[in-house]
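Encoded as structure tokens, the structure appears first; notes follow it.
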Amino acid sequence: MALFKSINSKAKTIDSSGFGTNASNYGGRFINKNGNANVKKTGISWIDSISWHHFMLNIPRWQFFGIIILFYFLVNLFFATIYYFIGVEHLNGIVATTGLEKFGQAFFFSVQTFTTVGYGHINPTGFWTSFVSSVEALTGLLTFAIATGLFFGRFSKPEAYIRFSENAVIAPYQDGTALMFRMTPFKNVNLTDAEARVNVGLTMEENGVMVNKFYQLPLELDKVNALTLSWTLVHPITEKSPLYGFKSEDYASLDGEIIVFIKVFDDVYSTHLVKRTSYVFKEVVYGAKFIIMYNQNEDDSKTILDLQKLNSFELVSLP
């Protein structure tokens, strides 16, 4: 692991980063690109470590619907198996000759009971079949209540629909250079009062011990009234910057991470939302500048924001 040279003593350190200072016990990046902490928790069972509510609200849409459909199929398969072993003769209305046909009709009776549809052409007879069907009906009511709550939670969950550029760049700025990255809203949302805070975490040796050091990166502009187009955040690399004096080879070989915190106000939900991401030094392009990603339309009546250009940059020479 490459070590940092001495950091500018004028750079402002941060003691309350929340990531810990013992670098020898820390692995990988501090924050993943999606904004989640890069931490794996052990010491308790996997079931106890999972908040199922948060899990179901945060997983991708295809996984959510896949779990719902799989659960629906397995539950009905379970109850159909019980009906089959109790005896399909206790399901009045089943007309079948083979075992597969009997099981199939028991399965669809389970579907009707679980969903409380109850078409009526098959009905349970006998104590155990009636008991199982009543338990299944209750299970179906509770399951659909939970599923409805999860659907509503996913639909109504406030989220900051912001995308960040995949890379940060070291670009010309005034008479020197600056660290830059940008972001943009990507859905039809109205985000106002956007605030940004950017820190950098560096792993270095101090008194023979590997430690994590965190520094605040002052921004040219850390607040905007409305986030409607792209917003390029700029940290001028002056003599007070912890990145002062770093060259291309430093970003390619040293362990560092730029940590980004964004807070915006969504006027639809009337609440503040937070978005996070990070850039490890290997994701910083030295000697580049972003290409503007918006322009006017043909009749000059509207501004066109091209989201495909969010990470578009061109290489340039630095002073």
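The values are calculated or read from the model by the stated rules, or taken from the named source; none is laboratory data. Source: prediction; values computed, not measured. All Cβ positions, glycine included, derive from the backbone under ideal geometry; neighbour counts span all protein chains shown. To get the accessible areas, we keep the full protein, side chains included, count just its heavy atoms, and leave off ligands, DNA and RNA. Shrake-Rupley method; radii C 1.70, N 1.55, O 1.52, S 1.80 Å.
So the values come out like this:
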item	result
Lysines with Cα under 20 Å of K309, excluding same-chain neighbours fewer than 8 positions away	K33, K187, K289
Prolate/oblate/rounded call for the chain, Cα gyration tensor, a/c under 1.5 rounded	prolate
Between 0 and 90°, nearest 10: helix 127-156 axis offset from the chain longest Cα axis	20 degrees
Ranked by how many other beta carbons lie within 10 Å on average, peptides 297-307, 257-267 from highest	257-267, 297-307
Heavy atoms of Y286 accessible to a 1.4 Å probe, total area in Å² rounded to 10	70 Å²
With all protein chains modelled, accessible area of S270 [1.4 Å, Å²]	80 Å²
Segment L305-I59, length gained on full extension (0.36 nm per residue, minus Cα span)	85.7 nm
Ranking by accessible area, most exposed first, for W128, W231 with a 1.4 Å probe	W128, W231
Cα-based helix-to-principal-axis angle, 99-114 vs the chain, degrees rounded to 10	70 degrees
Computed lengthening from F144 to S130, 0.36 nm per intervening residue step minus Cα-Cα distance	2.9 nm
Residue list for region 108-143, given a label point 7 angstrom along the Cα-to-Cβ vector of V95 and an amide N cut-off under 18 Å	108-109, 119-124
Euclidean distance of C-alpha centroids, region 43-95 and region 178-230, integer Å	43 Å
Heavy-atom surface of region 191-319, accessible at 1.4 Å and reported per residue (Å²)	53 Å²
Shape call, region 196-319: gyration tensor on alpha carbons, a/c limit 1.5	oblate
Region 199-216 - phi-based ³J(HN,Hα) in whole Hz, Karplus 6.51/-1.76/1.60, Gly and Pro as x	10, 10, x, 10, 9, 8, 9, 9, 6, x, 10, 6, 9, 9, 10, 10, 10, 7
Relative counts (whole %) of C-alpha pair distances in region 47-191, using bins that are 5 Å wide	2, 8, 13, 14, 11, 9, 8, 8, 6, 5, 4, 4, 3, 2, 2, 1, 1, 0
Note, ³J(HN,Hα) from phi for region 259-275, Karplus 6.51, -1.76, 1.60, rounded to Hz, x at Gly and Pro	10, 10, 10, 10, 10, 9, 10, 9, 6, 6, 7, 6, 8, 7, 10, 10, 10
Three-way shape call for region 261-317 based on the alpha-carbon gyration tensor, with the a/c threshold at 1.5	oblate
Carbon and sulfur %, accessible surface of the chain computed with the full protein complex present, 1.4 Å	57 percent
